[in-house]
Amino acid sequence: MKNPTTSERKSDRELVVTRTFNAPARLVFKAWTTPELLMQWWAPKSFGVSMISCEVDARVGGSYRFVFVVGNDASKPMPFFGKYLEVKPHSRLVWTNEEGDEGGAITTATFEEKSGKTLLTLHDLYPSKEALDAAIASGSTGGMCETCNQLDELLATLGTSATPAAS
């Protein structure tokens, strides 16, 4: 049985998603910071979107860039990019989402391990109420449950005995 994913609007500008994974924080963190792993779980399959490129430099001041396409239509790539503001291996990531006109959300991901399981809390702070309203209306925030399920499946294949990540 999969752990539930919760998504809650906390204020006009804040959206918080939580999920517990049956894996240690080092593996969950590794899945969030390793391009080869991110490409396997990040895009919700039901959206018909594929990640065709993934670059991650998970360090303070480092950047990330994900490029998605709908179906196989590489003529209309959708890039998502930003910078890492805070990186605390296995416990916390903070990054910008810079693809929006008015600047995107600041996302904080915390990884809290208890008894070999990891509680992931994603906190998105949008620049305005309108920006969060638009993100919800576009459906872009609605894929987190499926995305977390896909991460769960990947973590099961990595196993808890995998060697610790250097990142």
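Data table
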{"quantity": "The listed residue being over 18 Å from residue 10 (Cα atoms), out of contact with any helix residue (DSSP H, G or I) (no Cβ under 6 Å at 6 or more places or on another chain) and touching a residue at least 12 places away in the same chain (Cβ under 8 Å), out of 83, 76", "calculated": "83"}
{"quantity": "Any hit, region 132-139, residues being part of a loop (DSSP other than H, G, I, E, B) and either at pLDDT below 90 or within 13 Å of the chain's Cα centre (by Cα) (or both)", "calculated": "yes"}
{"quantity": "Tabulated pairs, region 33-52, first open to solvent by 30 Å² or more (accessible area, probe 1.4 Å), second in a helix (DSSP H, G or I) and hydrophobic (A, V, I, L, M, F, W, C), C-beta under 6 angstrom, 6+ apart or interchain", "calculated": "40/154"}
{"quantity": "Lone qualifier among 132, 151 - being farther than 20 Å from residue 42 by Cβ and buried (at least 17 other Cβ atoms within 10 Å of the Cβ)", "calculated": "132"}
{"quantity": "Residue match in region 2-21 (condition: of a type in the set (Lys, Arg), surrounded by fewer than 19 Cβ atoms within 10 Å (Cβ to Cβ) and under 17 Å from residue 159 (Cα atoms))", "calculated": "yes"}
{"quantity": "Residue check, residue 118 of a type in the set (Val, Ile, Thr), surrounded by 15 or more Cβ atoms within 10 Å (Cβ to Cβ), closer than 23 Å to residue 40 by Cβ and over 14 Å from the mean Cα position of the chain (by Cα)", "calculated": "yes"}
{"quantity": "Identity of the residue in region 55-112, open to solvent by 30 Å² or more (accessible area, probe 1.4 Å) and hydroxyl-bearing (Ser, Thr, Tyr), that ends up modelled with the lowest pLDDT", "calculated": "75"}
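The values are calculated or read from the model by the stated rules, or taken from the named source; none is laboratory data. Fair warning: this is a prediction, and the values are worked out from it, not measured in the lab. Methodologically, a virtual Cβ is constructed for each residue, glycine included, from the backbone with ideal geometry; neighbour enumeration extends over all protein chains shown. Side chains are part of the model used for accessible areas, which takes the heavy atoms of the whole protein and leaves out ligands, DNA and RNA. Shrake-Rupley method; radii C 1.70, N 1.55, O 1.52, S 1.80 Å.
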